[in-house]
Every structure is written in C-alpha cells, then in structure tokens.
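Comments concern the structure below.
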Amino acid sequence: MRWRLVAVLVGITVAVLLAHDLPLASHLRRVERDRLVTGLERDAFVIAGRAEEALEDGDAFGNAALQQLVDAYRADTGARVIVTDPNGIAMVISDEEAAAGADYSTRPEIAAAAAGEPSSGERDSKTLGLELLYVAVPVLSGNDVEGVVRLTYPSSEVAERVERRVRGLAVVAAISVLMALVAALALATTVSRPLRRLRLATERLATGEHGV
C-alpha cells in the first residue's frame, strides 16, 4: 500500500508538471528566439547609426573605424556583420569568408532593407551551406537610405541557445519530482503505519486473539 500511495502522489506531480511545463517550454522557445531577434535588430540599428556618416560621405569602403566596429561585434557576439551601400555592395564585412566589394543585392533581406524595410527571419545560405537567422536594417539619413546593415547567426547556434534555456526548465522539473518523491515517501509512511497496525489488529481479532 505504501508504494502504491507513493506512485499515485508522484504520478499526480508528474502529470501536473507535464501539463504546465510542456506548453511553457514551447512558449520559452518562442520568447527566447524573439528576444534574440530583438537584440540583433537593436544592435543592427546601433551599427547603422555609426555607419551613417561614412556611407553618406562615400567613405565607407574599407573604412578602418567601421571595420574595427564590426570586427569587435563579431568577436563579442559571434554574429556575422555586413555593411553595404544602397546597391547591396559590401563596404565592410566582419570575416574572411567574403571581402568588401562583394555584391549582396540578390539577398532578399538586403533588397528589403535597401527599400527602407527592416527584415528578419531564417533562410538557407547557399554560400555558407547552412541555415541562417538574419536581421537586416536600412541605414537612414533623413528619408534617404544610405545603405544596409545585416547581422546573421547560424540557426543551429540560435537553437542551442534557446535549448539551454529550456534545459533549465527541465532541471527545475526534475528537482520538483525528486522533492515530490521524498514528500510522498514521508506521507505514505505516516499514513500507512497506523493502517498496517489496524490491519494486524483486525487479523488477530479474526483469529480469536483478544489480548493486547
């Protein structure tokens, strides 16, 4: 009886955690991804603000200050940075996989940002051979678009960052089950002990033992 009671109590705890944590895990994945995208958009606009003057003056190609900025951001966050002119030609790029002067005008997110519309999403990169999470924002000077800043992450890295958050929830759930098991054992022992004594006393009465 003791173990049946423990199983029932722990089972109820597990059922409650599943009903609560599965939807919560899905929500956390969505919230964490949205948080990452929002952070990238903020950073892209900050870089765009820093790049505006150089792009407006036509001094952005290979600009040392801009190059230092995007290299530092790459080293700090792992995101790949490209600053283009309004025609999608890279003025500054943060890694060795491409060089300034490369044409990015065919990328849909670059084209959208060059038209004045920030964009974000995921797509396959044929050049890099992997799926990317991207954010692209226009570099604005008044109403004029002077260029585009695009930040990209491999989607696998984003997924891993999101899963680390979800694993934290799983650890909390495991601790909750362990605590429920300990509490169930204590409760089952407390409840089952007098019941066991009552059963033994009933059995003695049934066999004619009337003494204490």
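Structure data summary
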item: Formal net charge of residues neighbouring residue 86 (Cβ-Cβ distance under 9 Å; K, R +1; D, E -1); result: -3
item: Extension reserve of the residue 163-residue 57 stretch, reckoned as 0.36 nm per residue once the Cα distance is removed; result: 33.8 nm
item: Solvent-accessible area of residue 43 with every protein chain in place, 1.4 Å probe, in Å² to the nearest 10; result: 30
item: Difference of contour (0.36 nm per residue) and Cα-Cα distance, residue 99 to residue 170; result: 21.2 nm
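The values are calculated or read from the model by the stated rules, or taken from the named source; none is laboratory data. These figures come from a predicted structure and were not determined experimentally. Cβ atoms come from the backbone with ideal geometry, glycine included; neighbour counts cover every protein chain shown. With ligands, DNA and RNA removed, areas are computed over all heavy atoms of the protein, side chains included. Shrake-Rupley method; radii C 1.70, N 1.55, O 1.52, S 1.80 Å.
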